[in-house]
1. Restricting attention to the range A:91-106, does a residue exist that is small (Gly, Ala, Ser), out of contact with any helix residue (DSSP H, G or I) (no Cβ under 6 Å at 6 or more places or on another chain) and under 14 Å from A:Ala143 (Cβ atoms)?
2. Pick from the range A:182-193 the residues that are hydrophobic (A, V, I, L, M, F, W, C) and in contact (Cβ under 8 Å) with a residue 60 or more places away in the chain: which of them is nearest to A:Arg23 (Cα to Cα)?
3. May I ask you to verify whether A:Ala419 is crowded, with 19+ Cβ neighbours inside 10 Å and modelled with pLDDT of 85 or more?
4. Can you tell me which residue among A:Ala55, A:Ala49 is free of Cβ contacts under 8 Å to residues at least 12 places away in the same chain and out of contact with any Leu (no Cβ under 9 Å at 6 or more places or on another chain)?
5. Among the candidates A:Glu93, A:Glu140, which residue alone is out of contact with any Pro (no Cβ under 8 Å at 6 or more places or on another chain), more than 16 Å from RNA strand B (Cβ to nearest atom) and assigned to a helix (DSSP H, G or I)?
6. I'd like to know if the range A:250-261 contains one or more residues that are within 15 Å of RNA strand B (Cβ to nearest atom), without any contact (Cβ under 8 Å) to a residue 60 or more places away in the chain and either crowded, with 17+ Cβ neighbours inside 10 Å or under 25 Å from A:Leu208 (Cβ atoms) (or both).
7. Hey, could you check the range A:204-232 for residues that are more than 11 Å from RNA strand B (Cβ to nearest atom) and part of a strand (DSSP E or B) and say which is nearest to A:Asn28 (Cα to Cα)?
8. Of everything in the range A:307-323, what is surrounded by 14 or more Cβ atoms within 10 Å (Cβ to Cβ) and either among the acidic types (Asp, Glu) or near RNA strand B (Cβ under 9 Å from one of its atoms) (or both)? Give them in sequence order.
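The values are calculated or read from the model by the stated rules, or taken from the named source; none is laboratory data. Note that this is a predicted model, so its numbers are computed, not measured. Here Cβ is always computed from backbone atoms with ideal geometry, including for glycine, and neighbour counts include all displayed protein chains.
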Amino acid sequence: MPDTVRVRFAPSPTGSFHVGGARTALFNWAFARRHHGTFVLRIEDTDRARSTDAAITQIAEALRWLGLDWDEGPPAPGYRQTERLEIYRAHAERLLAEGRAYRCRCTPATLEALRKEAQARGQTFRYPGTCREADVPASEPHALRLKVPTNGQTVVEDAILGTITFDNDTLDDWILVRTDGTPTYNFCVVVDDVTMKITHAIRGNEHLNNTPKQLACYAALGYAAPVFAHLPLILAPDRSKMSKRHGATTVEEFRDQGIPREAIVNYLVRLGWSHGDQEILSPEEIAAHFDLAHVGKAGAVFDREKLLWLSLEWIKRMPPERLAAELEPFLARAGLPVPADRAHLARIADSLKERSHTFVEMAEQAAFYFRPPPAYDPQATAKFWTAEAPHRYAVLIKRIQAQEAFDAASLEGLYRGLAAE
RNA sequence: GGCCCCAUCGUCUAGAGGCCCAGGACACGGCCCUCUCAAGGCUGAAACACGGGUUCGAAUCCCGUUGGGGCCA
């Protein structure tokens, strides 16, 4: 293992920031921290049509909120692919000059015809290398293709999955630069990882099939490839890859639901990684213990119930002041008054922490501290405020009955007294 | 369809040949605590996909089958 670990998280800013991305970021962050290495944030925004600045902001905010601080990356310049076009161009030209890549003038129509032909024969389409020796002049419209070995095998040594072998005859001369001059995803990734001196590419399993292609590019460029580690996917309850259509899955949504960051980080890290039987892990413990050796190979189903349990566990562990600070915005959102007296709010929050899976729940339960029953009616009270009511309501009612005091002033006194306990 | 990956309780997982007639956690059931609901404690049910090997011995290694998934199309 290189002395200086450098890893990166490279999201495409094309939509909301999902748990899958968050977990990839988390594993990279944890690996970097564990090895006292560098965690780089890189924005893969070459898909200009779908990339937005709003999405970049959203990703950055979510990462910060989760506590996944990056050592290099935006807002510093040079970490967005659209700022790096010159670098890709230079590498492409070098590959061309060194005969590792060639110009291809095959039109989309030609390729489409070949594809259909292959399909008709029940074969997978692979570019046949028509232009490989054609020496297409630069004056003609052309794409740039990489010369990929046509025989032999490409072996990927994956830190999680082990040795994976691909037959080279299943690969083809893939496009590095499109006819319109834009570099392709696989090319950018390789050039970026090389120029950013990435030592470990820790990424989602969906990229595994890109790896042999990329390896060919590293070889052509004359660089050593990083260590690859492909993370198992996060699955929806139906065992398909988790996506938007499976409901609340963005980091922002979880935050809005009042789940503490520690719970999300804890839950996500346990989805695929384990540290013996330990279920509760703080960010510090994760940073101290994380290792690729204990990352599982199989996909993991996302289980909201367990997330909520961890949320409760982390809420229970929070000091009252922190609880008060976290609860405050949720009180406001619930239309409840936020007590000016912070100590008072802290006592209220502390009294509710064992029965709140989220801060949204806590705010709901805090309501009775602020909303006295409009009028005391023994019958209605007996009917509505026993079985279903929160604990403190029952106590409150008892005291009201005992004191026969239910004018506004004494009610307020009772609330205060209870909140202070 | 082609290529690749995966396979322990419903779910997340421990397990790197004997410590495992498989341990922990969530969820679920029961009991206890208790003025309610929680929290907490105890407890119950619940899994090594299947078939062949290898080995004195396999959840652990190999092969196959089945199932699931991903990518490409």
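1. Scanning the range A:91-106 turns up at least one residue that is small (Gly, Ala, Ser), out of contact with any helix residue (DSSP H, G or I) (no Cβ under 6 Å at 6 or more places or on another chain) and under 14 Å from A:Ala143 (Cβ atoms).
2. By that ranking, first place goes to A:Val189.
3. no
4. Matching residue, one of A:Ala55, A:Ala49: A:Ala49.
5. One residue alone meets the criteria, A:Glu93.
6. no
7. So the residue we want is A:Ala229.
8. Listed by number, the residues that qualify are A:Leu307, A:Leu308, A:Trp309, A:Leu310, A:Leu312, A:Glu313, A:Glu321.
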